[in-house]
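> The structure is given below, and queries will be raised subsequently.
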Amino acid sequence: MKVVIIGGVAGGMSAATRLRRLDETAEIVVLEKGPYVSFANCGLPYYISGEITDRDDLIVESPQALRDRFNLIVRSNHTVTAIDPQRQIVTGITAGQPFSESYDKLILAPGASPVVPPIPGLKEAKNAFVLRNIPDLDDIMTDLRTNQPRRALVVGGGFIGLEVAENLRNRGLAVTIVEQAPHLLPPLDEEMAAFVQRELTDHGVQVITGQAVTAFTAGGQQAQLADGRTLTTDLTILSVGVRPNTEVAQQAGIKTGFKGGIIVDDQYQTSQPNIYAVGDAILVTQQITGQPGLISLASPANREGRQVADVIAGLPQRNRGSIGTAIVRVFNTTAAMTGLSERAAQQAQLPTQVVHVLGKNHAGYFPNATDLNLKLVFNPKTGELYGAQAVGPDGADKRIDVLATAIKGRLTVSDLPELELTYAPPFGSAKDPVNMLGYAAENLMVGLSEHIQWYQLADALAQGAILLDVRDPDEVAEGHFPKALNIPLNDLRARLGELDPSQAYIVSCRSGQRAYIAERILRQNGFMHVRNLDGAYQLYQAVRPENLVYRQ
């Protein structure tokens, strides 16, 4: 059996090496259009700042090493231009010369390419780059060394854009991020992304959201924004997303769908016989919604490559889809997510409720404990877990990994308190933040608490609700909601006579824990119109600081 694989890196090389471990007799040929067939593209931004010091560390395996260990035929700089499904031949160009390769089985792993928007003046901008592979990185590093730019513009505030911005800033450049969406990191919800934006601004990065770059002038030295502003830039990195490389597949009659992604079945079979596809170029089933989508992440691509090799080798294997789990470090904080955001769940018209918890990365009494903001998205009727997000200096990865496993394992809200997670003071808490998410969500489901979200607060107050702040006076003095009524929690029972049982109250504290206790006190004393501001003051402050009053 001869298997040809178009594309290396995660999906293609995982398929090639797994297939060799399963079949020593197969002829396996990998055709890679670039010079590097196996490299760490997720590590590229960290070479910009020098955090990764050796460029060779980014090259995982060479063609010769792959031949020596796995007996693979790896051909770099081979661009496939056509596929003939009837004759089972691929053709292309290498070093200006045509080549052809027959196959019994063909695996497409062409990946995706950076989106380069049609911005006027961009083609003339010699200082504008994308970052997807090592040649891209080499171009950026050459510009940094040769032209020594002082000001950088990053167009796009997604995961890669933020990593590039961090590393350019760590290199000493003045950095501006422009994101067309209303907030950074669009896969996160707005209030969670607000913590990331604050971290960026605290480190001197200018962040502009809700704006698009409409033109480049002066050879790329000037960037025009939609609102009329002009930014001066010596170096521009475009990071506005990727699109699947499926043109050759489409020309071969292979069916594609959403945004040009290749349609595959649960064994990675395309619409053409003996042709399979994996990685960033395919549509996968979003396991929670059941809808097809593009999930351009390394972990699913590696898994898909391994699984398609199993299928070709005759092992019982199927593609069960993905939920989309991702993480990014931004200076001294981390943002991680899995599954659906609140916005995505609502767009999918799923019954949706959310809860926020402010926890600690480890026991609060142990030195160096730091805040960890978590958000859970779930079905308020069944307790099905839809997604989760975490932001904090430490511990976000651990909690999202647990929650991603819970979603994959089809656990529910009620299962989260039952999770027995490791505890010792340096590592966690006796009631881990993941357990606390479950407890808080259960309280909502059984009616012990009723939440209001940060974006609903203004309307609720306009309709006559009173915000009751149960923090202590010294906390309130540092910053507070305008016109809020302050009764510290420890005084609440004694001062119930100051409140009207027929009045609607929204209770808040710093994180939500004291507000929940206050809510229970009020409800059990005849106050029936009480809601808890989910995430409380610290969450609202992150996303709407301009609406608060601070000590002068």
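The values are calculated or read from the model by the stated rules, or taken from the named source; none is laboratory data. Everything numeric in this text was worked out from a predicted model, so none of it was measured. Please note: Cβ atoms are built from the backbone with ideal geometry, for glycine as well, and neighbour counts cover all protein chains shown. Surface accessibility is based on the protein's heavy atoms, side chains included, excluding ligands, DNA and RNA. Shrake-Rupley method; radii C 1.70, N 1.55, O 1.52, S 1.80 Å.
> Out of the residues in the stretch 330-355 that are on the phi > 0 side of the Ramachandran plot and open to solvent by less than 30 Å² (accessible area, probe 1.4 Å), state the one that is farthest from the chain's Cα centre (by Cα). Explain how you work it out, then say what you get.
Restricting attention to the stretch 330-355, the residues satisfying the condition of being on the phi > 0 side of the Ramachandran plot are 331, 339, 349.
Checking which are open to solvent by less than 30 Å² (accessible area, probe 1.4 Å) leaves us with 331, 339.
Numbers: PHE331: 16, GLY339: 10 Å.
So, considering only residues that are on the phi > 0 side of the Ramachandran plot and open to solvent by less than 30 Å² (accessible area, probe 1.4 Å), the one farthest from the chain's Cα centre (by Cα) is PHE331.
> I'm checking my understanding of the structure. Among residues of the stretch 1-35 that are in a helix (DSSP H, G or I) and aliphatic (A, V, I, L, M), which one is surrounded by the most Cβ atoms within 10 Å (Cβ to Cβ)?
That would be ALA15.
> Sticking with this one: With respect to the numbered conditions (1) under 29 Å from ASN127 (Cα atoms); (2) small (Gly, Ala, Ser); (3) open to solvent by 10 Å² or more (accessible area, probe 1.4 Å), which one is the sole condition not fulfilled by SER271?
Going through the list (1) under 29 Å from ASN127 (Cα atoms); (2) small (Gly, Ala, Ser); (3) open to solvent by 10 Å² or more (accessible area, probe 1.4 Å), SER271 breaks only (1).
> Of all the strands (runs of 3 or more DSSP E) wholly in the stretch 222-267, which have at least 2 residues that are in contact (Cβ under 8 Å) with a residue 24 or more places away in the chain and of a type in the set (Lys, Arg)?
In the stretch 222-267, there are no strands (runs of 3 or more DSSP E) which contain 2 or more residues that are in contact (Cβ under 8 Å) with a residue 24 or more places away in the chain and of a type in the set (Lys, Arg).
> While we're here: Would you mind finding the one in VAL476, VAL434, VAL391, VAL402 that is surrounded by 14 or more Cβ atoms within 10 Å (Cβ to Cβ) and assigned to a strand (DSSP E or B)?
After applying the criteria, what remains is VAL391.
> For the stretch 240-265, how many residues meet the condition of being among the acidic types (Asp, Glu) and more than 17 Å from ASP84 (Cα to Cα)?
Going residue by residue through the stretch 240-265, those that are among the acidic types (Asp, Glu) are 247, 265.
Next cut, more than 17 Å from ASP84 (Cα to Cα) only: 265.
Count: 1.
> Sort through SER38, SER49 and tell me the only one that's modelled with pLDDT of 95 or more, within 30 Å of VAL330 (Cα to Cα) and open to solvent by less than 40 Å² (accessible area, probe 1.4 Å).
SER49
> Here's another thing I want to ask about it. Spot the failing condition for GLY409; the list is (1) more than 19 Å from HIS356 (Cβ to Cβ); (2) in contact with a Gly (Cβ under 7 Å, 6 or more places away or on another chain); (3) open to solvent by less than 60 Å² (accessible area, probe 1.4 Å), and only one is missed.
Here GLY409 meets the rest and fails (2).
> With the structure loaded, tell me whether ALA223 is at pLDDT 95 or above, more than 24 Å from GLU342 (Cβ to Cβ), in contact with a Leu (Cβ under 9 Å, 6 or more places away or on another chain) and crowded, with 24+ Cβ neighbours inside 10 Å or whether it fails that test.
Criteria met by ALA223.
> I've got another one for you. Under the condition of being in a loop (DSSP other than H, G, I, E, B) and closer than 19 Å to GLY464 by Cβ, which residue from the stretch 488-512 is least open to solvent (accessible area, probe 1.4 Å)?
Only one residue tops the list, namely LEU499.
> I've got another one for you. Give, as residue ranges, the strands (runs of 3 or more DSSP E) completely inside the stretch 104-156 that count at least 2 residues that are open to solvent by less than 10 Å² (accessible area, probe 1.4 Å), within 30 Å of VAL80 (Cβ to Cβ) and touching a strand residue (DSSP E or B) at 6+ places or on another chain (Cβ under 9 Å).
Fully inside the stretch 104-156 and qualifying: 105-108.
> Out of the stretch 175-215, which residues are part of a strand (DSSP E or B) and closer than 19 Å to LEU131 by Cα?
The first filter runs over the stretch 175-215 and keeps only residues part of a strand (DSSP E or B), leaving 175-179, 206-209, 213-215.
Correct list: VAL175, THR176, ILE177, VAL178, GLU179, VAL213.
> Could you list, in sequence order, all residues of the stretch 175-216 that are farther than 25 Å from LEU144 by Cβ, polar (S, T, N, Q) and in contact (Cβ under 8 Å) with a residue 24 or more places away in the chain?
GLN180, THR209, GLN211, THR214 - these are the residues of the stretch 175-216 that are farther than 25 Å from LEU144 by Cβ, polar (S, T, N, Q) and in contact (Cβ under 8 Å) with a residue 24 or more places away in the chain.
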